[in-house]
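Read the structure below first, then the notes.
The values are calculated or read from the model by the stated rules, or taken from the named source; none is laboratory data. Bear in mind that the values here come from a model prediction, so they are computed numbers and not experimental data. Using ideal geometry, Cβ is built from the backbone for each residue, glycine included, and neighbour counts are taken over all protein chains shown.
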Amino acid sequence: MRVAFLGLGIMGRSMAANLAKAGHEVAVWNRSAGNDVEGARTAATPADAARGAEVVWMCVSDTKAVESLLFGENGVESSLAPGMIIADSSTISPSATERFAARVKTHGVDYVDAPMTGSKIAAAGGSLIFMVGGDESVLARLKPLFDAMGKQVFHMGATGKGQATKLVMNLQIALIFEGFAEALTLATKLGVELERLLPLVQASMVRSGVVEYKAPFIMKRDFSPNFPLRLMLKDIRLALAAAKESRVRLPGLEAVEEVYDVAAEEGQSDLDYAATLTLLEKWAGVEVKSAA
Ligand code: NA7
């Protein structure tokens, strides 16, 4: 298929490369220059990339970035033609997604929100999991592209429901990790060794994929970014905004946002979100570490 891929960050770059590798005709564009993808044409603007494309796929930081790609200067809108599909793998606001979809619909263009779960390793290996909002028939047309980038697609409902799902997934990750980090901090203060606690956690109903994934990094005190704290904070804020719009209270997530706010103020934005543990440690005057 002829695909325009916009946004070549940690995730987008590998996704675009996998589309090109699978034999699709790919044009890429990134805000900062110098980010070429092997086998793809580098376009000068989003409008240039989108011209003549069947599908425009986006993967950029936030709601504002998506809006500017679509409707800003040299944006995709000027290249839209009936029958095209826009797919967005950025994590952004569900209500803004619905607005963007309504606006491109006036050009006869379908819009699918397709945020994903999986690390940069899954993006590189083409094994992402997508949670998607949009019409079933439009999803079916995108199947060859999903197949090139991911291993599973969950259809969550109409356009916007993919983003809504992503926010409730990351809400859970943030709260589960916060529970784990607070438990480790208190355990250390009370003198329980990490090596004794972790096997018990994972043998019991407390076990979780979040703990399984993060514990080895914590044992090594490796807070290099797998999922940067700034992006988790963005998603926490998106979830709180969606909650406010729909008159839902999320007191746990509000408290966690404060922890992330302080972590960001202390310069941890580009570290992994697991670095929030170090704040709890500082407040408790302990360091969680392996006894070995
Ligand atoms: P990265 O690696 O931080 O990449 C972000 C990308 O978004 C990168 O290509 C940026 O371009 C681009 N960006 C950011 N702001 C803009 C604006 N205003 N206009 C155009 N392009 C922009 O993030 P990931 O790849 O890890 O994640 C991407 C999304 O998936 C994000 O929503 C996550 O939450 C999930 P740059 O190179 O800085 O010029």
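Assess whether ALA181 counts as being free of Cβ contacts under 8 Å to residues at least 40 places away in the same chain, assigned to a helix (DSSP H, G or I) and buried (at least 17 other Cβ atoms within 10 Å of the Cβ). No, not satisfied.
Could you tell me whether region 36-49 includes any residue that is buried (at least 24 other Cβ atoms within 10 Å of the Cβ), more than 10 Å from the ligand (Cβ to nearest atom) and touching a residue at least 12 places away in the same chain (Cβ under 8 Å)?
Yes, there is a match, as at least one residue in region 36-49 is buried (at least 24 other Cβ atoms within 10 Å of the Cβ), more than 10 Å from the ligand (Cβ to nearest atom) and touching a residue at least 12 places away in the same chain (Cβ under 8 Å).
Among the candidates GLY157, GLY162, which residue alone is within 15 Å of the ligand (Cβ to nearest atom), under 30 Å from VAL256 (Cβ atoms) and of a type outside the set (S, T, N, Q)?
GLY162
Residue-wise test of (1) assigned by TED's automatic domain parsing to the domain that holds ALA27; (2) in a helix (DSSP H, G or I); (3) among the polar types (S, T, N, Q).
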| site | (1), (2), (3) |
| --- | --- |
| ASP48 | yes, yes, no |
| GLY52 | yes, no, no |
| TRP57 | yes, no, no |
| THR91 | yes, no, yes |
| ARG103 | yes, yes, no |
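Selection of first residues in region 11-31 that are within 15 Å of GLY118 (Cβ to Cβ) and β-branched (Val, Ile, Thr) and of second residues that are within 13 Å of the ligand (Cβ to nearest atom) and in a helix (DSSP H, G or I), restricted to Cβ pairs under 9 Å at least 6 apart or on distinct chains, gives an empty result.
The conditions of being within 16 Å of the ligand (Cβ to nearest atom) and under 30 Å from ALA239 (Cβ atoms) are met by ALA4.
Looking for whichever is under 21 Å from GLY75 (Cβ atoms), hydrophobic (A, V, I, L, M, F, W, C) and either surrounded by 15 or more Cβ atoms within 10 Å (Cβ to Cβ) or within 16 Å of the chain's Cα centre (by Cα) (or both) here; the options are VAL104, VAL132, VAL153. Which one fits?
Result: VAL104 is the single residue among VAL104, VAL132, VAL153 that is under 21 Å from GLY75 (Cβ atoms), hydrophobic (A, V, I, L, M, F, W, C) and either surrounded by 15 or more Cβ atoms within 10 Å (Cβ to Cβ) or within 16 Å of the chain's Cα centre (by Cα) (or both).
Selection within region 61-90: residues that are crowded, with 24+ Cβ neighbours inside 10 Å and β-branched (Val, Ile, Thr). The member of this set that is farthest from the ligand (Cβ to nearest atom) is ILE86.
The rows are residues; the columns are (1) assigned to a helix (DSSP H, G or I); (2) assigned by TED's automatic domain parsing to the domain that holds ASP88; (3) surrounded by fewer than 21 Cβ atoms within 10 Å (Cβ to Cβ).
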| residue | (1), (2), (3) |
| --- | --- |
| VAL168 | yes, no, yes |
| PHE177 | yes, no, no |
| LEU186 | yes, no, yes |
| LEU197 | yes, no, yes |
| GLN202 | yes, no, yes |
| MET205 | no, no, yes |
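With β-branched (Val, Ile, Thr), within 30 Å of ASP272 (Cβ to Cβ) and in contact (Cβ under 8 Å) with a residue 40 or more places away in the chain as the only criterion, which of VAL60, VAL3 stands out? Of VAL60, VAL3, the one residue that is β-branched (Val, Ile, Thr), within 30 Å of ASP272 (Cβ to Cβ) and in contact (Cβ under 8 Å) with a residue 40 or more places away in the chain is VAL60.
Return the only residue of ALA264, ALA243, ALA239, ALA291 being more than 16 Å from the ligand (Cβ to nearest atom), at pLDDT 95 or above and either acidic (Asp, Glu) or at negative phi (or both).
ALA243
The helices (runs of 4 or more DSSP H) located wholly in region 218-291 that include 3 or more residues which are farther than 18 Å from LEU167 by Cβ and more than 19 Å from the chain's Cα centre (by Cα) occupy 251-265, 276-284. Considering only region 207-217, state which residues are closer than 19 Å to LEU253 by Cβ and either more than 28 Å from the chain's Cα centre (by Cα) or not in a helix (DSSP H, G or I) (or both). Across region 207-217, the qualifying residue is only SER208.
Within region 210-226, residues that are in contact (Cβ under 8 Å) with a residue 40 or more places away in the chain have Cβ atoms under 7 Å from residues that are of a type in the set (Gly, Ala, Ser) and buried (at least 18 other Cβ atoms within 10 Å of the Cβ) in these pairs: LYS214/ALA274; PHE217/ALA274; ILE218/ALA274; PHE223/ALA274; PHE223/ALA275, counting only partners at least 6 apart in sequence or on another chain. Candidates in region 110-125 are the residues that are buried (at least 20 other Cβ atoms within 10 Å of the Cβ) and in a loop (DSSP other than H, G, I, E, B); of these, the one that is nearest to the chain's Cα centre (by Cα) is PRO115.
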